[in-house]
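Below is one structure; the comments refer to it alone.
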Amino acid sequence: MRRRKILEGAVEATLFAAALLSVVTVVFITAFLFQRGSPLFEKVPVLEFLFSSRWEPTAENPGYGILSFILGSFLVTGLALLIAVPAGLAVGIYLAELSDGRSARFIRSAVELLAGIPSVVYGLFGIAVISAVSRTLFGGSGYGALSAAMILAIMTLPTIISVTEVSLRAIPRELKEGSLALGATHWQTITRVLVPAARSGILAGVILGMGRAIGETMAVLMVGGNAPIMPSGLNGMVRTLTMNIITDMSYATGDHLTSLFATGMVLFAFILVLNLVVQLALKKSISDLEGKSGE
C-alpha cells in the first residue's frame, strides 16, 4: 500500500508539472510578445497603429498602420466561414444521424486525413487549382481574397465537422426519442430538436474554426496576393496579419521589427477573445445538456 501511494503521488506530481509547464509556457510567450511589441506605442499612438492603413515602415517618414491587414484577416476569415460552416454542419449531421457504419468510417478517415495535411500542401493545391479556377471564372490574377478564403474553408472543415458530430451525439437520447414518439419525422427531429439543442457546441466548433483560419499563414500567403493595400473586393489581393508578420520578419529591424511584434499582439488578442468565447459556449452547452437531461 505504501509503495502504491508513493507511485500514485509521483504520477500525480508528474501530471501537475506537465500542466504547470503548459501554463508557464503561455505566460512566457505572452510576456515576451508584449515586452517586444509594446515599445512601439511610445512612438506610434495605439489608435494610429490600429486604424491607419499606411504601412510604410522603411520610408523616410515611416508609417505603421495595420488597418488594411485587420480588414484583410476578417474578410478572408468571414468568407471562409460562409463556405465552411454550411458544408461542415451538413457533414457533421450526416455522420451523427444519417450515415451507416461503413460510410461513416470512410468519411471520418477522410476528415482526419484532411486535418493532417500540411498547410503548404494546401497552398500548392490553391496555386495549381483554386487560383486557376478563380482566374477562369472571375478574371484577374486568381490570387486574392476569394482564393485564400476557399483554401481556409477546406482547412477549417475538419474542426467544424468533428465538433458538430460530437455535439449532436452528446444530446440525451430521450430528446430524440420523445420527438419521434410525438410524430415528428427524422428530418424534423434533426432540424427542430437536435441542432437547436446542440447549438452552443456547434457555435464553439465554428469559433474554433475561425481561430484556425485567422491564424493561418502559409496557405494564405501562397494564394492571397500579399499586397499591403486595403481589400478591394473578392478578387482583390489581400494581406492578413499573419502574412504581414512572415513577409517582413526576414529583413525588419528597429521600429519595423517592433511593429511586427505589435502586430502579433493584436493577433494574440483576437485569438484570446475567440478562445474565451469558445469556453463560454462550451460551458453553456454543458449546462443546457445537463438541464435537458434533468428534465
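Dividing the C-alpha radius of gyration of region 33-109 by 2.2 N^0.38 Å, with N its residue count, gives 1.94.
For the peptides 40-47, 63-70, 158-165, 206-213, residues were scored by their other Cβ atoms within 10 Å and the scores averaged per peptide; the highest-first order is 158-165, 206-213, 63-70, 40-47.
Our helix-only sum for the chain, with -39,500 (n - 2.57) per DSSP H run of n ≥ 4 divided by its residues, gives a mean residue ellipticity at 222 nm of -23500 deg cm²/dmol. Using θ = phi - 60° in the Karplus curve 6.51 cos²θ - 1.76 cosθ + 1.60, the 3J(HN,Hα) couplings for region 133-141 round to 5, 4, 5, 6, 7, 10, x, x, 7 Hz; x is entered for Gly and Pro. Close Lys pairs in the chain (alpha-carbon distance under 30 Å; sequence gap of 8 or more, or different chains): 5. 3J(HN,Hα) couplings calculated from phi for region 144-155 with the Karplus curve 6.51 cos²θ - 1.76 cosθ + 1.60 (θ = phi - 60°) are, in sequence order, x, 4, 5, 5, 5, 5, 5, 5, 5, 4, 5, 6 Hz; Gly and Pro show x.
This model, with +1 at the C-beta of Lys and Arg and -1 at the C-beta of Asp and Glu, gives the chain a dipole about its Cα centre of some 780 debye.
Which shape class, rounded, prolate or oblate, goes with region 2-42 when its Cα gyration tensor gives a ≥ b ≥ c as root eigenvalues, a/c under 1.5 marks rounded, and past that a/b bigger than b/c marks prolate? Prolate, since a/c reaches 1.5 and a/b exceeds b/c. Using a cutoff of 8 angstrom between alpha carbon atoms and counting only pairs six or more residues apart, the relative contact order for the chain works out to 26 percent. Shape index of the chain: Rg/Rh, with Rg the Cα radius of gyration and Rh the Kirkwood radius from the inverse mean 1/r over Cα pairs, equals 1.06. The modelled label-to-label distance for the pair residue 71/residue 174, using points 7 Å beyond Cα in the direction of Cβ, is 5.3 nm.
Given 0.36 nm per residue, what is the gain on full extension from residue 114 to residue 138 after removing their alpha carbon distance, in nm?
Between residue 114 and residue 138, full extension yields an extra 5.9 nm.
In this simple spin-label model, placing a label point 7 Å from the Cα along the Cα-to-Cβ direction at both residue 280 and residue 106 gives a separation of 4.3 nm.
Taken together, the values in this text are just the output of simple stated rules run on the coordinates, not laboratory data. Computed from a predicted structure; not experimentally measured. Note that we place each Cβ from the backbone using ideal geometry, even for glycine, and neighbour counts take in every protein chain shown.
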